[in-house]
2 protein chains.
Amino acid sequence: MADRKIVLRDNDLPQRWYNIAADLKTSLAPPLHPATHQPIGPADLAPLFPMELIKQEVCQDPWIEIPDEIMEILKLWRPTPLVRALSLEAAIGTKARIYYKNESVSPAGSHKPNTSVAQVYYNKQEGVKRIATETGAGQWGSALAFACTLFGLECQIYMVRVSYDAKPYRKLMIQTWDGKIDPSPSTKTKYGRAVLELDPHNQGSLGMAISEAVEDAVGRDDTKYSLGSVLNHVLLHQTVIGLEAIEQLKMIGEKTPDVVIGCVGGGSNFAGLAFPFLKDKLQGKTNPRFLAVEPMSCPSLTKGVFEYDFGDTAGMTPLVKMYTLGHDFMPPGIHAGGLRYHGMAPLVSNLVKDKFVEAVAYHQTDCFKSALLFARTEGIIPAPESSHAINAAIVEARKAKEGEVIIFNLSGHGHFDMAAYDKYLSGQLEDYEYPMDKIKAALQKVPKV
Amino acid sequence: MADRKIVLRDNDLPQRWYNIAADLKTSLAPPLHPATHQPIGPADLAPLFPMELIKQEVCQDPWIEIPDEIMEILKLWRPTPLVRALSLEAAIGTKARIYYKNESVSPAGSHKPNTSVAQVYYNKQEGVKRIATETGAGQWGSALAFACTLFGLECQIYMVRVSYDAKPYRKLMIQTWDGKIDPSPSTKTKYGRAVLELDPHNQGSLGMAISEAVEDAVGRDDTKYSLGSVLNHVLLHQTVIGLEAIEQLKMIGEKTPDVVIGCVGGGSNFAGLAFPFLKDKLQGKTNPRFLAVEPMSCPSLTKGVFEYDFGDTAGMTPLVKMYTLGHDFMPPGIHAGGLRYHGMAPLVSNLVKDKFVEAVAYHQTDCFKSALLFARTEGIIPAPESSHAINAAIVEARKAKEGEVIIFNLSGHGHFDMAAYDKYLSGQLEDYEYPMDKIKAALQKVPKV
């Protein structure tokens, strides 16, 4: 009988991260200063990030050693299982072999700790005592609080107020890990107070929360800022996912996958699985398809433009070249909160533009339908974000040829998203295709540089 | 550096369950018919359980083969990691080496699927189409729904109404796995309707829910009943935990533990870890200490009597000889819902009576304090039940001699118990020592046989 779960031992863990920047066909456009529109250098980023992470952000070496101290923490849950989805295959009667990488087994329940642990480590190395960040639905905030408590750093999280109120359990998870958390807009920052003065009941947005976290970090000597996706060094830290998967497929003598799938919000879980497999494709050695799956309601890759834009709503971050819907795009309140971002990681954008990666978009009800099928066959309740990857895998598996191999990233579990399942199961979940004219209007505001 | 996580490969999984009944120093007293007080035979249990499980219930062979079909499902998350708690050790400055078996990695988040998968398999083998059970806090109900959906059986769950209303996410987890769930008392059974007629707002109890599930199963040809703890065959299925742990300790050349710890409600997670280690102690080959940890508010082992009693409140189940607080003992509403049971597994009771196992009781605030320390060092948010084992491990580690080895069972995660953490973190959690006179009154009602 085929092995259902393929497990590596601790000492088979990847020792290095893979830096795809070294192998790109066209180089990344440089980030630009938000005011001067001139390329920024390491010194511009120093108030926000420790120098080692800035070096990783611009590094051109293909491999970067993973320090032992990071490895020791990653080993709490890594290597994660690669699972052959035998029961799902049987349920849909596919000719394909489907595998998924189960990132939901981390203590925070997603792939996010792969980078939060690394980021906190480098901050600690450089004497930083406190880290500030923003969080929307709470996946990233909880992953950073988890890493901070393990390394003994203080963690300050600005959580979008609407989520803070609606998702008390994520907030409690963060507090259990000793994280300090405030609803954003908060009275802790000048920016937050200004917003509250105009509108005391403001529900907040990710853009506002970013602005507060950045202001907090810049204003204190002991504090740096941390981001959970989009940036090159964040995607770099996630490549342990794909590097492990390659070893796991080798272990059972499986061929190179024909299709590699991940959901995309900022792009980090997709990148984590896909980049190590993309290395050979970039070098012309293999030719699998790579699918970046986004929600129809926030279609940055399928309906956005590839232009310079701000990472945040307020226009305080550097300008980066990426697929974007415009930095003041307001995504509807879908349940895959982690996929509600107007832009896309520059590395993922580059690979889509150069046609190494395809983008597809699905409606959330289709994704929940697939999530249910997955839960009822493979037994794991997926995060709404991950259900986009599952849906794409099922679509591909249904039309697959004999012996095709499909692999997708199960980026997280849905234990803190049961309210979304409630809506779906009670028939209250609606689809939302963001109107093209609103997208066009938002794209008008993309800065011309 | 010491390995933090010790992982077995799929093909190192135990192939057999260990049946401790074969090695007991004094035999188990036979279960008695609730009305006649005469020993019951397999035929008496046939309306409730498939014959293979009844055979296991009374089996005297030390080893029972695990069928391949069960193994294939267990492999979705087994073998579970054995983790060296290096960060916890450092935080408390112990001279001991502490290990924990991480059962929280199962899709349902606890050790419960180890037996639900086995039970559903044997039911399916014997043509059963539908299984009825009760659930209190929801751990067992979700584990049974998970197993039923994987094998394609219908699952009917009676959930204590107060939990049904207070824990909507557990209910949704069950529905996501296609389980049918009703608050108990329900209008589905004669017993439930009778209760509701007297009191339409009755909040339910585990005893009532058992009575409804039993009535449901007995009343339908296609349906059997299933229980999540207490019974011999349930504890048998959990022994994969300890059998794996023994292999894992061997793998790293670690000695036999000096202390083996688990929390106890019905007794199954403690038994799962402890019984395989107890085999050698029963045979006089080793002499570790075994600690069964219960809440001070429901102290069946530390303050109960070893007598025949009913398993349920209504007195419908067979009489079994066990430590009990009396079947109409009403435990206070502590947050470790899985430990609120008036009795104790006969096998565990036997081993406590014969002094192979020690019992200790702790207050819930002490346990939550230890849970926080564990979450902030080892990174995993434990279930309130498991925090009792953690607290005992910390107490033992603080007084341990150089090189002592402590192992405990982390029976589940706390993702669905964040409301309890909220109470603890906000200082609202209270301790409760059940008054001895109330216990004495309840013990008066233990049937004399």
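Please go through region A:310-319 and give me each residue that is over 17 Å from the mean Cα position of the chain (by Cα) and buried (at least 21 other Cβ atoms within 10 Å of the Cβ), ordered by number. Full working, then the answer.
Narrowing region A:310-319 to residues over 17 Å from the mean Cα position of the chain (by Cα): A:310, A:313-319.
Residues satisfying the conditions are A:Phe310, A:Thr317, A:Leu319.
Only one of A:Val117, A:Val128 is under 25 Å from A:Lys55 (Cα atoms), β-branched (Val, Ile, Thr) and either at pLDDT below 95 or touching a Lys or Arg at 6+ places or on another chain (Cβ under 9 Å) (or both); which? First the steps, then the outcome.
Working: A:Val117 fails: either at pLDDT below 95 or touching a Lys or Arg at 6+ places or on another chain (Cβ under 9 Å) (or both).
The unique qualifying residue is A:Val128.
I'm told B:Phe408 meets every condition in (1) in a loop (DSSP other than H, G, I, E, B); (2) among the aromatic types (Phe, Trp, Tyr); (3) within 24 Å of B:Gly272 (Cβ to Cβ); (4) more than 14 Å from chain A (Cβ to nearest Cβ) except one. Can you identify the failing condition by its number?
If we test B:Phe408 against (1) in a loop (DSSP other than H, G, I, E, B); (2) among the aromatic types (Phe, Trp, Tyr); (3) within 24 Å of B:Gly272 (Cβ to Cβ); (4) more than 14 Å from chain A (Cβ to nearest Cβ), just (1) comes out false.
Got a sec? Which of B:Lys112, B:Lys75 is modelled with pLDDT of 95 or more and closer than 21 Å to B:Asn269 by Cβ?
B:Lys112
Please work out which one of (1) out of contact with any Leu (no Cβ under 8 Å at 6 or more places or on another chain); (2) assigned to a loop (DSSP other than H, G, I, E, B); (3) in contact (Cβ under 8 Å) with a residue 24 or more places away in the chain; (4) on the phi < 0 side of the Ramachandran plot is the condition B:His201 fails and give its number.
Every listed condition holds for B:His201 apart from (3).
Working only within region A:87-105, note down all residues that are at pLDDT below 95 and either among the small types (Gly, Ala, Ser) or touching a Lys or Arg at 6+ places or on another chain (Cβ under 6 Å) (or both).
Hit for region A:87-105 is A:Ser87, nothing else.
Could you look through region B:424-440, keep only residues that are within 14 Å of chain A (Cβ to nearest Cβ) and surrounded by 15 or more Cβ atoms within 10 Å (Cβ to Cβ), and pick out the one that is farthest from B:Met330 (Cα to Cα)?
For region B:424-440, the residue satisfying everything is B:Leu425.
Look at A:Ala397 and say whether it is free of Cβ contacts under 8 Å to residues at least 24 places away in the same chain and either part of a helix (DSSP H, G or I) or buried (at least 22 other Cβ atoms within 10 Å of the Cβ) (or both). Quick ask: steps written out before the conclusion?
Numbers: free of Cβ contacts under 8 Å to residues at least 24 places away in the same chain: no; either part of a helix (DSSP H, G or I) or buried (at least 22 other Cβ atoms within 10 Å of the Cβ) (or both): yes.
Judged against the criteria, A:Ala397 is not a match.
Hey, any hits in region B:135-153 for a residue that's free of Cβ contacts under 8 Å to residues at least 12 places away in the same chain, surrounded by fewer than 24 Cβ atoms within 10 Å (Cβ to Cβ) and within 12 Å of chain A (Cβ to nearest Cβ)?
No, because not a single residue in region B:135-153 is free of Cβ contacts under 8 Å to residues at least 12 places away in the same chain, surrounded by fewer than 24 Cβ atoms within 10 Å (Cβ to Cβ) and within 12 Å of chain A (Cβ to nearest Cβ).
So in region B:169-197, with the set limited to residues that are in a loop (DSSP other than H, G, I, E, B) and more than 14 Å from chain A (Cβ to nearest Cβ), which one is nearest to the chain's Cα centre (by Cα)? Reasoning before the result, please.
If we filter region B:169-197 for residues that are in a loop (DSSP other than H, G, I, E, B), which is where we start, we get B:177-179, B:185-189.
Keeping just the survivors that are more than 14 Å from chain A (Cβ to nearest Cβ) gives B:185-189.
Details: B:Pro185: 23, B:Ser186: 25, B:Thr187: 29, B:Lys188: 27, B:Thr189: 27 Å.
So the residue we want is B:Pro185.
Kindly evaluate B:Phe277 against the criterion of being at pLDDT 95 or above, touching a Gly at 6+ places or on another chain (Cβ under 8 Å) and more than 19 Å from B:Tyr362 (Cβ to Cβ).
yes
Within region B:82-101, take every residue that is within 11 Å of chain A (Cβ to nearest Cβ) and surrounded by 24 or more Cβ atoms within 10 Å (Cβ to Cβ) and give me the one that is nearest to the chain's Cα centre (by Cα).
Filtering region B:82-101 for residues that are within 11 Å of chain A (Cβ to nearest Cβ) and surrounded by 24 or more Cβ atoms within 10 Å (Cβ to Cβ), the one nearest to the chain's Cα centre (by Cα) comes out as B:Val83.
What residue, among those in region B:102-116 that are outside any helix (DSSP H, G or I) and either within 12 Å of chain A (Cβ to nearest Cβ) or not charged (D, E, K, R) (or both), is surrounded by the most Cβ atoms within 10 Å (Cβ to Cβ)?
B:His111
Can you name the condition, by its number, that B:Asp182 falls short on among (1) surrounded by fewer than 24 Cβ atoms within 10 Å (Cβ to Cβ); (2) modelled with pLDDT of 95 or more; (3) more than 18 Å from B:Glu212 (Cα to Cα)?
Every listed condition holds for B:Asp182 apart from (3).
For A:His335, are the conditions met, namely being surrounded by 23 or more Cβ atoms within 10 Å (Cβ to Cβ), within 14 Å of another protein chain (Cβ to nearest Cβ) and part of a loop (DSSP other than H, G, I, E, B)?
yes
If I filter region A:117-126 for residues that are more than 14 Å from every other protein chain (Cβ to nearest Cβ) and either assigned to a strand (DSSP E or B) or of a type in the set (A, V, I, L, M) (or both), do I get at least one hit?
Yes, that holds for at least one residue.
The values are calculated or read from the model by the stated rules, or taken from the named source; none is laboratory data. Model, not experiment: these values are computed from the prediction. Cβ: placed from backbone, ideal geometry, glycine included. Neighbour counts: every protein chain shown.
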